[in-house]
Amino acid sequence: MRMSRLRVFLGCNLVLFCLGCYSQKKESDLTALLSLATSIPVSVIGDSLCERSQAFDLADGLGSGFQVLNVCITGSTVPDWSQKLDTALTNAPRIIIIELGTNDVSSYPTDQFPGNYDRLISDLSIRTNAVLLITVLPPPTDPGFRTGVLTINKYLKGLSASHPIADMETPFLQQENGIHLYPLSDPIHPDPAGIAIMKSVYIQAIGRITGLPL
């Protein structure tokens, strides 16, 4: 019995180590290792898109194999989150979803966004070895926000060389002419159809990171 518990303990710790060493350039098949773990802690940091949707309903979408911590705060920008990263680390996450940028485009010049985001990633990387899942944002229908989001998305897509990304821009652009993805009264926050797309994209991205069929 003691030997069996020791094997499970060592297996779970090996899973966490492998997730910490994740590199998109050299993906490992973690399916067999992950089957030994009871659950994988995931932290979601973001703004009102995340907070209003209860972290895109990922707790339900990912299932019992994951523990989802939603610490999203309405109105947050990247610099805001740089001041409160400890909040995102309270569950010792192995995956951190970053959904930020929409508020940034109306808070300061977009040419400052890459530097702010780089600092956020650097600070997180110092404090944790969790996999950072970068969100390429869904384009709002508000003209001003849309232009800014599409601009910073170019930078966010470029992070795919060093981090996994969840690309919301592509499916939103593909489907926005066919179905409503935003309420007519709110061109910033996706409606249930838009949130469903985001939920699906996140689940697929986490499936690629972990090697699990989600």
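The values are calculated or read from the model by the stated rules, or taken from the named source; none is laboratory data. Remember, it's a predicted structure, so these values are computed and weren't measured experimentally. Quick reminder, even Gly has a Cβ in these numbers, built from the backbone with ideal geometry, and neighbours come from all protein chains shown. SASA here: full protein model, heavy atoms, side chains in, ligands and nucleic acids out. Shrake-Rupley method; radii C 1.70, N 1.55, O 1.52, S 1.80 Å.
Filtered by the rule that a residue be open to solvent by 70 Å² or more (accessible area, probe 1.4 Å), in contact (Cβ under 8 Å) with a residue 24 or more places away in the chain and more than 29 Å from SER106 (Cβ to Cβ), the range 47-68 gives SER64, GLN67. Among helices (runs of 4 or more DSSP H) entirely within the range 141-214, having at least 1 residues that are open to solvent by 60 Å² or more (accessible area, probe 1.4 Å) and among the hydroxyl-bearing types (Ser, Thr, Tyr) singles out 143-158. Can you tell me which residue is most open to solvent (accessible area, probe 1.4 Å) among those in the range 86-97 that are under 13 Å from VAL44 (Cβ atoms) and assigned to a helix (DSSP H, G or I)? Among residues in the range 86-97 that are under 13 Å from VAL44 (Cβ atoms) and assigned to a helix (DSSP H, G or I), the one most open to solvent (accessible area, probe 1.4 Å) is THR87. Screening LYS157 with (1) charged (D, E, K, R); (2) closer than 18 Å to VAL201 by Cα; (3) touching a Pro at 6+ places or on another chain (Cβ under 6 Å) gives one miss only, at (3). All conditions in (1) of a type in the set (Gly, Ala, Ser); (2) assigned to a helix (DSSP H, G or I); (3) open to solvent by less than 20 Å² (accessible area, probe 1.4 Å) hold for SER43, with the sole exception of (2).
Residues being of a type in the set (Phe, Trp, Tyr) and open to solvent by 10 Å² or more (accessible area, probe 1.4 Å): count how many of those fall in the range 102-124. Talk me through it step by step, then tell me what you get.
Residues of the range 102-124 that are of a type in the set (Phe, Trp, Tyr), as a first pass: 108, 113, 117.
With open to solvent by 10 Å² or more (accessible area, probe 1.4 Å) added as a condition, the list becomes 108.
Going through the range 102-124 one residue at a time, the tally reaches 1.
Among the residues making up the range 117-149, those that are farther than 23 Å from THR210 by Cβ and of a type in the set (S, T, N, Q) are SER122, THR141, THR147. Restricting the first member to the range 155-173 and to residues that are over 14 Å from ILE97 (Cβ atoms) and without any contact (Cβ under 8 Å) to a residue 24 or more places away in the chain, and the second to residues that are outside any helix (DSSP H, G or I) and of a type in the set (D, E, K, R), the beta-carbon pairs closer than 9 Å and six or more apart or on different chains are LYS157/ASP167.
Check off (1) open to solvent by less than 60 Å² (accessible area, probe 1.4 Å); (2) in contact with a Leu (Cβ under 8 Å, 6 or more places away or on another chain) for ARG127 and give me the number that stays unchecked. Condition (1) is where ARG127 drops out. Evaluate the range 142-149: report whether one residue or more is closer than 22 Å to ALA88 by Cβ and under 18 Å from the mean Cα position of the chain (by Cα). No, there is no match, as no residue in the range 142-149 is closer than 22 Å to ALA88 by Cβ and under 18 Å from the mean Cα position of the chain (by Cα).
When you scan the range 105-124, do you find a residue that is small (Gly, Ala, Ser) and under 20 Å from LEU62 (Cβ atoms), even just one?
Step one: list which residues in the range 105-124 are small (Gly, Ala, Ser), which gives 106-107, 115, 122.
Okay, now just the ones that are also under 20 Å from LEU62 (Cβ atoms), so none.
No, that holds for no residue.
Could you grab me the full set of residues in the range 34-64 that are aliphatic (A, V, I, L, M) and either in contact with an Asp or Glu (Cβ under 7 Å, 6 or more places away or on another chain) or modelled with pLDDT of 95 or more (or both)?
Restricting attention to the range 34-64, the residues satisfying the condition of being aliphatic (A, V, I, L, M) are 34, 36-37, 40, 42, 44-45, 49, 55, 58-59, 62.
Answer for the range 34-64, where residues must be aliphatic (A, V, I, L, M) and either in contact with an Asp or Glu (Cβ under 7 Å, 6 or more places away or on another chain) or modelled with pLDDT of 95 or more (or both): ILE40, VAL42, VAL44, ILE45, LEU49, ALA55, LEU58, ALA59, LEU62.
Scan the range 65-72 and tell me whether some residue there is on the phi > 0 side of the Ramachandran plot and either within 13 Å of the chain's Cα centre (by Cα) or at pLDDT 95 or above (or both). No, that holds for no residue.
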